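First comes the structure, then the notes that go with it.
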Amino acid sequence: MNNPQKRSMLTGYASLPFGEISQCVAGDIGVLGVPSEVDSGPRMGASLAPDALRKMAGQLEVDLPAAGRDLGNLDPSGDWSGVLKHLVTQMVAGDIVPVVLGGASDVALAVLRALPDLPIVAAMPVVLGDVAARPENSIWVGLNGGQPADVWDQISQRSMAWRTARQLDEGHTDFSGMPERAVLWIDMSVIDLGHAAGVVGLNPAGMKPETLVSVISAMPCSWQAVVITGLAPARDTRGMSELAAIEALNAALRNG
């Protein structure tokens, strides 16, 4: 067995050791995979995302600017969303930053239910979940025109900040009222399919990967949790989608 193969058996995402939450201390990150699957559609495969991201991070020899543990994958059977909510609540209470690798969008919704009082910065093409339940200083990044009219009405009525993918690609990246502490939700479907083939949602005229990374890098926010969803790695034989996800995640962790 060569050294890279041996190391991949002993370490998780970005060379973090596998372990338990009890082994983490304040200031650590805790990586947790949740291999849930999208309900239907031609671009299934989100359940493969957590392990694909670990593999790509190992190939890139990614180093995180923080210590921590890889907590492995959550069993997606039974009441997995309730278990995930409990684990995220436990980590945040211990000043451990949960980095949750999904999975379908229901993974992120479970994380948000665990942290209802925190605003979110959501990089995604279409708003999911109850907008009215989020704090007013939540921010929506990379939206397209596919939102229902009532969603636009709620965003407008609550004066929430938002930018379309086109606005961001044109350099309109300023956000007023950026929260000091928030949850970061990156749904990889926010990226245009032409740039990242391995995404769940078809999003013509979506964001460029470098725009996503640049926008996240510029946000002066302390991320209390980070969740990645919407990645279908089997659809991208070149691995560009995993690469974009890892770069975006590392940009967040460098700042957070």
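The values are calculated or read from the model by the stated rules, or taken from the named source; none is laboratory data. For clarity, every value in this text was computed on a predicted model and none was experimentally measured. Virtual Cβ from ideal backbone geometry, glycine too; neighbours counted across all protein chains shown.
Looking at segment 208-230, I want the residues that are on the phi > 0 side of the Ramachandran plot and have a partner that is in a helix (DSSP H, G or I) with Cβ atoms under 8 Å, at least 6 apart or on another chain. Which pairs are those?
Final answer for the pair search is G230/A46; G230/M188; G230/S189; G230/V190.
In segment 59-73, what residues are touching a Pro at 6+ places or on another chain (Cβ under 8 Å) and either buried (at least 21 other Cβ atoms within 10 Å of the Cβ) or not in a strand (DSSP E or B) (or both)?
R69, D70
Between residues in segment 76-104 that are touching a residue at least 24 places away in the same chain (Cβ under 8 Å) and residues that are part of a strand (DSSP E or B) and surrounded by fewer than 23 Cβ atoms within 10 Å (Cβ to Cβ), which pairs lie under 6 Å by C-beta distance while being six or more apart or on different chains?
Qualifying pairs under 6 Å: V92/Q224.
Could you grab the pairs with beta carbons closer than 9 Å, sequence gap of 6+ or different chains, first residue in segment 126-143 and under 23 Å from P209 (Cβ atoms), second one in a loop (DSSP other than H, G, I, E, B) and among the small types (G, A, S)?
V126/G146; V126/G201; L128/S105; I139/G177; G142/G206
I'm checking my understanding of the structure. Among residues of segment 131-145 that are under 20 Å from V190 (Cβ atoms) and not polar (S, T, N, Q), which one is farthest from the chain's Cα centre (by Cα)?
Checked segment 131-145; the qualifying residue farthest from the chain's Cα centre (by Cα) is G145.
Which residue, of P76, P50, P65, is out of contact with any strand residue (DSSP E or B) (no Cβ under 9 Å at 6 or more places or on another chain) and not charged (D, E, K, R)?
P65
Counting only residues that are over 14 Å from the mean Cα position of the chain (by Cα) and hydrophobic (A, V, I, L, M, F, W, C), which one in segment 110-127 is nearest to A234 (Cα to Cα)?
It comes out as V126.
Within segment 90-109, take every residue that is under 17 Å from the mean Cα position of the chain (by Cα) and assigned to a helix (DSSP H, G or I) and give me the one that is nearest to L16 (Cα to Cα).
M91
Scan segment 208-227 residue by residue and report those that are touching a His at 6+ places or on another chain (Cβ under 7 Å) and not in a helix (DSSP H, G or I).
Hit for segment 208-227 is K208, nothing else.
Restricting to segment 1-56, and then to whatever is charged (D, E, K, R), within 19 Å of the chain's Cα centre (by Cα) and at pLDDT 90 or above, can you tell me which residue is surrounded by the most Cβ atoms within 10 Å (Cβ to Cβ)?
Looking at residues that are charged (D, E, K, R), within 19 Å of the chain's Cα centre (by Cα) and at pLDDT 90 or above, I get R54.
Looking at A234, A196, which is the one that is touching a helix residue (DSSP H, G or I) at 6+ places or on another chain (Cβ under 9 Å), among the aliphatic types (A, V, I, L, M) and more than 21 Å from N144 (Cα to Cα)?
So the residue among A234, A196 that is touching a helix residue (DSSP H, G or I) at 6+ places or on another chain (Cβ under 9 Å), among the aliphatic types (A, V, I, L, M) and more than 21 Å from N144 (Cα to Cα) is A234.
When segment 198-207 is examined, which residues are found to be assigned to a loop (DSSP other than H, G, I, E, B) and either among the hydroxyl-bearing types (S, T, Y) or crowded, with 19+ Cβ neighbours inside 10 Å (or both)?
G198, V200, G201, N203, G206
For (1) farther than 26 Å from G27 by Cβ; (2) at pLDDT below 95; (3) of a type in the set (F, W, Y); (4) in contact with a strand residue (DSSP E or B) (Cβ under 7 Å, 6 or more places away or on another chain), each residue gets a yes or a no:
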| position | (1), (2), (3), (4) |
| --- | --- |
| P209 | yes, yes, no, yes |
| S217 | no, yes, no, no |
| V226 | no, no, no, yes |
| G230 | yes, yes, no, yes |
| P233 | yes, yes, no, no |
| G239 | yes, yes, no, no |
| I246 | no, no, no, no |
| N255 | no, yes, no, no |
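Tell me, which residue of segment 180-197 that is within 18 Å of A251 (Cα to Cα) and surrounded by fewer than 19 Cβ atoms within 10 Å (Cβ to Cβ) is farthest from the chain's Cα centre (by Cα)?
Top of the filtered list is E180.
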